[in-house]
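First the structure, in the form of structure tokens, and then the observations on it.
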Amino acid sequence: MLTDHQLKGSDRALAAVHDVAMLDLDGVVYIGGAAVPRAAESLAAARESGLRLAFITNNAARPPAKVAENIRNLGIEASAEDVVTSAQAAAHVLAERLAPGTKVVNLGAAGLREPLEAAGLVPVAVDEDAEAIVTGYNPDLLWKDILRAAVRIKDGLFWVASNTDMTFPAAYGIAPGHGVLVDTLRRFSGVEPIVAGKPSRPLLEETIRRTEGEHPLMVGDRLDTDIEGGRNVDVDTLLVLTGVTGLEDLVAAAPHQRPTYIASDLGGLLEAHSAPEIEGTTARLGGWAAEVRDGDLRVTGQGSVDDWWRAAATSAWAHLDETGAVVALGAQATPPRSDADGETVVSGS
């Protein structure tokens, strides 16, 4: 049986093992207005092999049709039916609780209005009579509306939040996400919202329901939303290293935020995955040996970039579970990279 610090192996490509890939967008498919390298060709090949793609996002600002259009502009096939947003999941949560025709304050953008109306609810402004409020990312939100919403939530208005992402990767760097607003409202009101987006269950459950997935795979770049969310609904997860998660984050991951698989990018969907052999806190895979000495993670040998990350993570997690301490990252824990020819380049070589 696998322990919490062991990755899972697959002797077949993940695209052949799973029927649906639930793909996070920011940091996985695109960053800002540009496609992540190798994303378009990897997803085309995965779809050609029979894998269904569902593009899921905690961003509640844009309607599915607009999200799909943006994906197509990157050279990736996508329709509105392939997109599931936290706004849709939030609307489903509200529709299960409220009668059709109920008024709901929409403290979000157009991406929230459409699913509310599709669910038979009536979105209204923050100062109108309503039985609930839903919040989502909206860069044009006015401070006066935030103040009014905070007071209404404190006074007892039922609250659903689309997500609690504290950051998101923008073209100009890591920017504040909707979770910053949620935290402000929570601290003022003392109220915990029902959260629709990852890592909570509603968004992934909505995606599985829509795709009728029997063996879905959650693919993401964030441990605290994508990977934890996948674990919350008991599905396998693939962490790609094209977004916000770096080595410092990965080695410190608690068991509930550890992925099933790790790959540099979406090409990992097309590959078999070998699992490291673990003995104590030493992990070996594909020519690499990762071990912890005096609290320091050290990786020696040679092999593929992805196998380096898999061995390093496994060793670090074993040490963390055994001692409760996160490993230190010194010169011997510097990740290699792939050069233009796909060869592994170790730091200093």
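The values are calculated or read from the model by the stated rules, or taken from the named source; none is laboratory data. Because the structure is predicted, anything quoted here is derived from the model rather than measured. Backbone-built Cβ (ideal geometry, glycine too); neighbour counts: all protein chains shown. With ligands, DNA and RNA removed, areas are computed over all heavy atoms of the protein, side chains included. Shrake-Rupley method; radii C 1.70, N 1.55, O 1.52, S 1.80 Å.
Being open to solvent by 30 Å² or more (accessible area, probe 1.4 Å), assigned to a loop (DSSP other than H, G, I, E, B) and within 23 Å of residue 65 (Cβ to Cβ) is the filter here, so list the residues in segment 98-119 that pass it. The one that is open to solvent by 30 Å² or more (accessible area, probe 1.4 Å), assigned to a loop (DSSP other than H, G, I, E, B) and within 23 Å of residue 65 (Cβ to Cβ): 119. Take the residues in segment 55-85 that are modelled with pLDDT of 95 or more and among the small types (Gly, Ala, Ser); name whichever of them is farthest from residue 126 (Cα to Cα). Among those residues, the one meeting the criterion is 75.
Kindly check whether there is at least one residue in segment 304-311 that is of a type in the set (Lys, Arg) and open to solvent by 50 Å² or more (accessible area, probe 1.4 Å). So far as segment 304-311 goes, no, none of its residues is of a type in the set (Lys, Arg) and open to solvent by 50 Å² or more (accessible area, probe 1.4 Å).
Being assigned to a strand (DSSP E or B), crowded, with 17+ Cβ neighbours inside 10 Å and not hydrophobic (A, V, I, L, M, F, W, C) narrows it down to one residue among 284, 231; which is it? Just one listed residue meets the conditions, 284. Residue 49 satisfies every condition listed in (1) modelled with pLDDT of 95 or more; (2) within 19 Å of the chain's Cα centre (by Cα); (3) within 30 Å of residue 12 (Cβ to Cβ) except (2). Of the helices (runs of 4 or more DSSP H) lying entirely inside segment 1-76, the ones with 2 or more residues being open to solvent by 60 Å² or more (accessible area, probe 1.4 Å) and over 29 Å from residue 277 (Cα atoms) are found at 39-48, 64-72. Reported count of residues in segment 159-200, each being touching a residue at least 12 places away in the same chain (Cβ under 8 Å) and either surrounded by 18 or more Cβ atoms within 10 Å (Cβ to Cβ) or in a helix (DSSP H, G or I) (or both), is 27. Of the set (1) outside any loop (DSSP other than H, G, I, E, B); (2) of a type outside the set (Lys, Arg); (3) over 21 Å from residue 198 (Cβ atoms); (4) at pLDDT 95 or above, all apply to residue 249 but (3). Mind counting the residues in segment 77-96 that are open to solvent by less than 10 Å² (accessible area, probe 1.4 Å) and either without any contact (Cβ under 8 Å) to a residue 12 or more places away in the chain or part of a helix (DSSP H, G or I) (or both)? Total satisfying the criteria: 6. Just so you know, in segment 138-158 the residues that are in a loop (DSSP other than H, G, I, E, B) and touching a residue at least 60 places away in the same chain (Cβ under 8 Å) include one that is nearest to residue 185 (Cα to Cα), and it is 138. Considering every residue within segment 329-344, establish whether at least one is modelled with pLDDT of 95 or more and part of a strand (DSSP E or B). Yes, some residue in segment 329-344 is modelled with pLDDT of 95 or more and part of a strand (DSSP E or B). For segment 123-137, the criterion of a residue being among the aliphatic types (A, V, I, L, M) and part of a helix (DSSP H, G or I) is satisfied by no position. Restricting attention to segment 253-281, the residues that are open to solvent by 30 Å² or more (accessible area, probe 1.4 Å), among the small types (Gly, Ala, Ser) and touching a Lys or Arg at 6+ places or on another chain (Cβ under 9 Å) total 4.
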